[in-house]
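Structure record follows, encoded as structure tokens.
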């Protein structure tokens, strides 16, 4: 009995090569779509996070700047603070201070750069309660080098103290405070990432002629997306401290 042998078919080399080329083109297109989608998602995530950081930070700085005050000894019928001192340098110890006025401040190439300091004080009530002073320092820390500029992290360092004064030194008029650290209220926190520059602008003379000359100050924060130098975000606020303003 005779059996017919089935014919077997196979792909030719040319067909295999064509299939490989088609598959490679397909995979390339899929990869490009994936990478494009990832970049778009990365940009959107950065924008959302950065906008939130700047909004929260500028709201915080606005409150802090408006709360800047001199240390005060408060009585029922009068009060004393460094503005009463004949020496203007006494009040100047508690001024809000910035690194420079009206020019962008860039992150350092390494390390940290102090760019602003201020104090927030609660009055002392002799024999009843001590006062409280919070010393704040704003730093711009180097984070990374992008293709166009370095970017940094904006960091706030705060140290809290209770304080008392005494009659022989004319209470808070002398500016001499007996400080006791409040350890639980000392903090260091990064506020904004990817900062390209910060700019302060004061609507008045520096230093002020009198310690009771209170001028508005604007704070502008400009950020840059490290993976795309064409993408940036900027926001600003203006607030008036209840102390004088000067540079370091």
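All of the numbers you see were taken from the coordinates with simple rules; none came from a lab. Everything numeric in this text was worked out from a predicted model, so none of it was measured. Glycine also receives a Cβ, built like all others from the backbone with ideal geometry; neighbour counts cover every protein chain displayed.
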Report summary line: In segment 197-235, residues that are over 23 Å from residue 71 (Cβ atoms) and either exposed (fewer than 14 other Cβ atoms within 10 Å of the Cβ) or out of contact with any helix residue (DSSP H, G or I) (no Cβ under 7 Å at 6 or more places or on another chain) (or both) total 17
Report summary line: Inside segment 127-142, the number of residues satisfying the requirement of being part of a strand (DSSP E or B) and over 13 Å from the mean Cα position of the chain (by Cα) is 6
Requested in this report: Answer yes or no as to whether residue 233 is outside any loop (DSSP other than H, G, I, E, B), within 30 Å of residue 93 (Cβ to Cβ), touching a strand residue (DSSP E or B) at 6+ places or on another chain (Cβ under 9 Å) and in contact (Cβ under 8 Å) with a residue 12 or more places away in the chain.
Outcome: no
Query raised in the report: Within the group 241, 208, which residue is in contact with a strand residue (DSSP E or B) (Cβ under 8 Å, 6 or more places away or on another chain), in contact (Cβ under 8 Å) with a residue 12 or more places away in the chain, part of a loop (DSSP other than H, G, I, E, B) and closer than 12 Å to residue 92 by Cβ?
Result: 208
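Counting only residues that are within 17 Å of residue 222 (Cβ to Cβ) and free of Cβ contacts under 8 Å to residues at least 60 places away in the same chain, how many does segment 50-95 have?
1
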